[in-house]
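Notes follow the structure.
The values are calculated or read from the model by the stated rules, or taken from the named source; none is laboratory data. Just so we're clear, the structure is a prediction, and the values are computed from it rather than from any experiment. Counting neighbours? That spans all protein chains shown, and the Cβs are built from the backbone with ideal geometry, glycine included. Remember, those area values only see protein heavy atoms, side chains included, never the ligands or the DNA or RNA. Shrake-Rupley method; radii C 1.70, N 1.55, O 1.52, S 1.80 Å.
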Amino acid sequence: MAPVTRDQPSLRDAFYQLSLCEPVPDAEILEEFVDRYPEHAAALTEFAIALVLDAAEDANDQPVDPPSTTTSPAVSRAMSRFHNRLYAVKKAAAVQAIESERTTKNPFASLSRTELRAIAQRLNVTTVFVMKLRDRQILSDTMPQDFQRQIAEELRAPIEVVIAHFAAPPEMQPRAHFKADQKPKISTKQTFEEAVRSSGLTPAQEKHLLSL
Amino acid sequence: MPRVLSKRDRNGNQYTRLRNIEIAVAAALAQDIPTLCRRAAIQDRRSPEYLPSECLVHLIREAHRRDDKTTMTDLLPPLLERCRRTLDRKVSDRIPNASVLRDEILGQFSELFADDGTGDSPDELDFYEVRFNSAFRALRINLLRREKIARKGHAKRYAPLPDVHEVEPTSDDDVFARMSEHLRTPANQENTLALKNLIEAIKSLPADERDAVVLCHMMGYEVESEDPNKATAATHCGVTGRTIRNRLRRAAAKLSRFKENG
């Protein structure tokens, strides 16, 4: 037998809600659901009929079973499905996390060198400092919020995009040139203060940034 | 304090756990795994040590949120064992592929725990923390319904049949009056067997007759109405009122014979 497919979440919820009604649904309650989901009227009616019969049968059917210490083969098979599904769900979540990390939009990505220099000027920092911002080399939680807002305005990007950009892991620009034989590894992120102190800024620029 | 549920009832109100479940959950959260495993294996609801299924669902979900695979693997099997016993009782061997269907229902239920917090219905298990048996009944009935549809290849269920001949009027009112009385009578040893037999008899009627009986005599629908906007057994089944009455008469004749034989 092929696995039985599942209904849309809204219809599944309706089935659960009908089943959780106490006492079992009557004409009035079923009509409420049919009015809400007219496209599923036949399914809801069919379900309600089965539910009413099942509940009537259950009223007198509460056997007491002895304690169970062994796991039946049916439960073992269900546990196997649980583990397989859990593995699949975790794997999908991991793939999605990697994908989302990879596709986190870099609001600096489309800027030319000239534009980067212009932004550096307007922010009153060096190009080296702007590159650190671009390459996400500064810890976002050490960066003043006003400064992040200022950057968003300069880039004409939503503040959420800029915040997400700084929160993402550091990245190496694909166009970056390097002298070593091997591609340099991405270093760990600096604090805002460390970045300010190591970007060739004048004492006045440093003082301004650290006062934000 | 157990986590608040997010699913809502038909009136839009957030579901809440029953008071006794809240208390049981709070107590269980303070117990160690060996104690919980021992309690989870108890099937007798009257035992003071019995761990309600709603409570087990909560504990397994919390373990999932903590990524505590050991607790999940310890507590899910006893819950599945309870469900298996229910399925053995409720999915009759007369249904084609009964054992495969039981496996499918149990498997889909176990997968809800793996899917919890993800996918298109991340809080589906909330229903199971409110009233476990009712929620599991919904899953079971729905899967059986879908399997039946798949088996029949989406055949129109309520194909209206021509009323070739009118069934002779019989005193079906008496049969349904007795039936209603049986259904209303509180459960006791005396009527337990009679009620069980009655429900079995209704379930064994042809689908169109069974549906007419349930809609009219268990759910309170009128056979038909002059008001075209009013939902009736006839509108639900997509047939005329006369057809419904014929189905009810045929059903009454069978139920009456059943009573005499029973």
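General remarks:
- Any hit, segment A:67-77, residues being within 30 Å of residue B:207 (Cβ to Cβ), modelled with pLDDT of 90 or more, aliphatic (A, V, I, L, M) and surrounded by fewer than 19 Cβ atoms within 10 Å (Cβ to Cβ): no
- Of the numbered criteria (1) within 16 Å of residue B:40 (Cα to Cα); (2) open to solvent by less than 40 Å² (accessible area, probe 1.4 Å); (3) under 23 Å from the mean Cα position of the chain (by Cα); (4) facing another protein chain (nearest Cβ under 9 Å), the one residue B:129 fails is (4).
- Meets criteria (surrounded by 14 or more Cβ atoms within 10 Å (Cβ to Cβ), modelled with pLDDT under 75 and either touching a Ser or Thr at 6+ places or on another chain (Cβ under 8 Å) or in a loop (DSSP other than H, G, I, E, B) (or both)) for residue B:249: no
- Odd one out for residue B:91 among (1) more than 7 Å from chain A (Cβ to nearest Cβ); (2) without any contact (Cβ under 8 Å) to a residue 24 or more places away in the chain; (3) among the β-branched types (Val, Ile, Thr): (2)
- Complete set of residues in segment B:34-88 that are within 8 Å of another protein chain (Cβ to nearest Cβ), not in a helix (DSSP H, G or I) and not small (Gly, Ala, Ser): B:42, B:43, B:44, B:45, B:46
- Test: residue in segment B:121-131 that is free of Cβ contacts under 8 Å to residues at least 24 places away in the same chain and more than 16 Å from residue A:8 (Cα to Cα): no
- Condition check for residue B:210: outside any loop (DSSP other than H, G, I, E, B) and more than 10 Å from chain A (Cβ to nearest Cβ): no
- Residue in segment A:86-109 that is modelled with the highest pLDDT, counting only those that are open to solvent by 80 Å² or more (accessible area, probe 1.4 Å) and outside any helix (DSSP H, G or I): A:105
- Test: residue in segment A:127-145 that is part of a helix (DSSP H, G or I), buried (at least 16 other Cβ atoms within 10 Å of the Cβ) and at pLDDT below 90: yes
- For segment B:213-222, the criterion of a residue being more than 9 Å from every other protein chain (Cβ to nearest Cβ), at pLDDT 90 or above and open to solvent by less than 50 Å² (accessible area, probe 1.4 Å) is satisfied by at least one position.
- Scan of segment B:98-132 for residues that are out of contact with any helix residue (DSSP H, G or I) (no Cβ under 7 Å at 6 or more places or on another chain) and of a type in the set (Val, Ile, Thr), ordered by number: B:100
- Number of residues in segment B:2-33 that are within 14 Å of chain A (Cβ to nearest Cβ) and touching a residue at least 24 places away in the same chain (Cβ under 8 Å) equals 8.
- Residue within segment A:173-185 that is of a type in the set (A, V, I, L, M), more than 30 Å from residue B:118 (Cα to Cα) and either modelled with pLDDT under 90 or open to solvent by 80 Å² or more (accessible area, probe 1.4 Å) (or both) present: yes
- Sole residue being more than 7 Å from chain A (Cβ to nearest Cβ) and either surrounded by fewer than 20 Cβ atoms within 10 Å (Cβ to Cβ) or modelled with pLDDT of 95 or more (or both), chosen from B:107, B:153: B:153
- Among the residues of segment B:20-35, those identified as over 15 Å from residue B:127 (Cα atoms) and either open to solvent by 60 Å² or more (accessible area, probe 1.4 Å) or not hydrophobic (A, V, I, L, M, F, W, C) (or both) are B:20, B:23, B:29, B:30, B:31, B:32, B:34, B:35.
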